[in-house]
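Undergrad: Quick one: structure below, then a few questions.
The values are calculated or read from the model by the stated rules, or taken from the named source; none is laboratory data. Computed from a predicted structure; not experimentally measured. Here the Cβ is made from the backbone with ideal geometry for all residues, glycine too, and neighbour counts use every protein chain on show.
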Amino acid sequence: MPDIQKLLVISDLDACFMNDDYSYSDALEAVEALKAEGFPLVFNSSKTIPELTALIDELQLDTPLVSENGGIVAVPAQSPLAQLCKSAKDGTWTKHQDYWTTQTGLDRGIILQHAHALRSAFDYQFDGFADWTPTELAAVTGLSKHQAVMAKDRHVSEPILWNDTPQHWEDFYQQLEPHGIRALHGGRFIHLMGNADKSDGLKTVCDLYHMSEPHTLWTCLALGDSPNDLSMLEAADIGVIIPHDKGPRIPLNAPHIQYASYPASKGWNQAVLDILK
């Protein structure tokens, strides 16, 4: 019997699948086309599990979630993949409410402990999600208060806005590194986190699908727009860079890399449909 060929789509959200106002109606044609083909769509984002859960519920998906820039992978309990998590003998998957989760990121409590201690000691000027109330975070981000509550529910990362000098940033970062903390620069925020990145989430998800359908030839398509998507784009079989209004944020030249023709949802939609042809 010949092997079946399938596409596995792993995508960033902000300024990629979503527009700057968090709308994504321009991408729905491609979402429905993926559903019709039976091709999984997995979001790999800096967003939290509650935020991603709300989105996949809206889109009626039962695919895994890659949260907080690759630090956590969550598989819905009703997903066909859940049995693989349940039967894993290495103990890496745990049941948490309606999901099976595995964590590769550094606990947020450790990140906050070191970052805030350095801020107090050296008077570094920055603010992060832990500093803001939901109302304040909503004002900073444009999220609703309910969305801000979900955005604050973090486990392995802390997004910050740096309000200090570039030299002080270099000093701060060098002081964090010995504690296993690094920085990922997203579209707007700097994400303080451990050594996990989006390629870790991609690999975990790809492994699950390979195990669930071992006779399927999977092609992994990744879509992203900012530097924190770089590892994911490099690890995929096909990488699509979604440009911003002023052009791509990540000029990456490799044979498997393509550039979408338009920013955000419109570019995401066209890129996916073109690959499906």
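Undergrad: I want to confirm something. Restricting to the range 1-19 and keeping residues that are surrounded by 15 or more Cβ atoms within 10 Å (Cβ to Cβ) and of a type in the set (D, E, K, R), which single residue is nearest to Glu234 (Cα to Cα)? Show your work before the answer.
TA: Quick first cut of the range 1-19, residues surrounded by 15 or more Cβ atoms within 10 Å (Cβ to Cβ) only: 6-19.
So of that shortlist, the ones also of a type in the set (D, E, K, R) come out as 6, 12, 14.
On the way: Lys6: 20, Asp12: 14, Asp14: 19 Å.
Once the filter is applied, the top-ranked residue is Asp12.
Undergrad: Of the conditions (1) within 13 Å of the chain's Cα centre (by Cα); (2) over 20 Å from His155 (Cα atoms), Leu34 satisfies every one except a single condition; which number is it?
TA: All conditions are met except number (1).
For every residue, the table says whether it meets (1) modelled with pLDDT under 95; (2) crowded, with 17+ Cβ neighbours inside 10 Å; (3) not polar (S, T, N, Q).
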{"site": "Gly187", "(1), (2), (3)": "yes, yes, yes"}
{"site": "Ala196", "(1), (2), (3)": "yes, yes, yes"}
{"site": "Cys206", "(1), (2), (3)": "no, yes, yes"}
{"site": "Leu221", "(1), (2), (3)": "no, yes, yes"}
{"site": "Leu230", "(1), (2), (3)": "yes, yes, yes"}
{"site": "Gly239", "(1), (2), (3)": "no, yes, yes"}
{"site": "Asp245", "(1), (2), (3)": "yes, no, yes"}
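Undergrad: For Leu176, state whether it is closer than 22 Å to Ile72 by Cα and surrounded by fewer than 19 Cβ atoms within 10 Å (Cβ to Cβ).
TA: Values: closer than 22 Å to Ile72 by Cα: yes; surrounded by fewer than 19 Cβ atoms within 10 Å (Cβ to Cβ): yes.
Here the answer is yes, as Leu176 does meet what is asked.
Undergrad: Next up: Please list, ordered by first then second residue, the pairs with beta carbon atoms under 6 Å, 6 or more apart or interchain, first in the range 212-229 and within 13 Å of Asn69 (Cα to Cα), second of a type in the set (Val, Ile, Thr).
TA: As it stands, the answer is Pro227/Ile250, since those pairs meet every condition given.
Undergrad: Out of the residues in the range 56-99 that are farther than 21 Å from Ile10 by Cα and of a type in the set (Asp, Glu), which is surrounded by the most Cβ atoms within 10 Å (Cβ to Cβ)?
TA: Asp98
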